[in-house]
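Novice: My questions all concern the structure below.
The values are calculated or read from the model by the stated rules, or taken from the named source; none is laboratory data. Treat the numbers as computed from the prediction; the structure is a model and nothing was measured. Note that each Cβ is placed from the backbone with ideal geometry, even for glycine, and that neighbours are counted across all protein chains shown.
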Amino acid sequence: MGKDIRIEFDRIPVDKLGTQTPGRSMGLQLADAVAGTFFNAVERDKFGNTEPRYLKTILPILYRYENRCLGYGFKIVPTEAIVSLRKNENVKWLFGL
């Protein structure tokens, strides 16, 4: 968590990349659903509330390493956002995952 991660773009076969229209790839739909649960768990709505129930519902199926899913089952990018999230009282539970 909070490590300097670099991408070697010369290793990405850009000529083999493609796009999908919405609803055409179950993998992308699943990734969007998980991203949405995380967004709602940490981003305050117009009333200042967060909604962690959806994320907590999927926690049992997230990938873990040594019983930790933060940094493994899901990663916070950019890593600078971790500093801001640690200051947020509503999401202190997140760092125990």
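Novice: Among the listed residues I76, I7, which satisfies the condition of being surrounded by 10 or more Cβ atoms within 10 Å (Cβ to Cβ), modelled with pLDDT under 80 and part of a loop (DSSP other than H, G, I, E, B)?
Specialist: Result: I76 is the single residue among I76, I7 that is surrounded by 10 or more Cβ atoms within 10 Å (Cβ to Cβ), modelled with pLDDT under 80 and part of a loop (DSSP other than H, G, I, E, B).
Novice: Evaluate the following for D15: is it modelled with pLDDT of 85 or more and of a type outside the set (F, W, Y)?
Specialist: Against the criterion (modelled with pLDDT of 85 or more and of a type outside the set (F, W, Y)), D15 qualifies.
Novice: Would you point out which residue out of F47, F74, F38 is of a type in the set (F, W, Y) and over 13 Å from the mean Cα position of the chain (by Cα)?
Specialist: F47
Novice: With T57, T37, T50 as the choices, which residue is under 21 Å from T79 (Cβ atoms) and either small (G, A, S) or part of a helix (DSSP H, G or I) (or both)?
Specialist: Sole residue among the options that is under 21 Å from T79 (Cβ atoms) and either small (G, A, S) or part of a helix (DSSP H, G or I) (or both): T37.
Novice: Which of the residues spanning the range 64-73 are part of a loop (DSSP other than H, G, I, E, B) and farther than 16 Å from A33 by Cα?
Specialist: Once the filter is applied, which keeps residues that are part of a loop (DSSP other than H, G, I, E, B) and farther than 16 Å from A33 by Cα, the range 64-73 yields R64, E66, N67, C69, G71, Y72.
Novice: Further question on the same structure: Can you find a residue in the range 22-37 that is touching a residue at least 40 places away in the same chain (Cβ under 8 Å), among the hydrophobic types (A, V, I, L, M, F, W, C) and surrounded by 10 or more Cβ atoms within 10 Å (Cβ to Cβ)?
Specialist: Checking the range 22-37: at least one residue is touching a residue at least 40 places away in the same chain (Cβ under 8 Å), among the hydrophobic types (A, V, I, L, M, F, W, C) and surrounded by 10 or more Cβ atoms within 10 Å (Cβ to Cβ).
Novice: How many of the residues in the range 66-89 are among the acidic types (D, E) and at negative phi?
Specialist: Of the residues in that region, 2 qualify.
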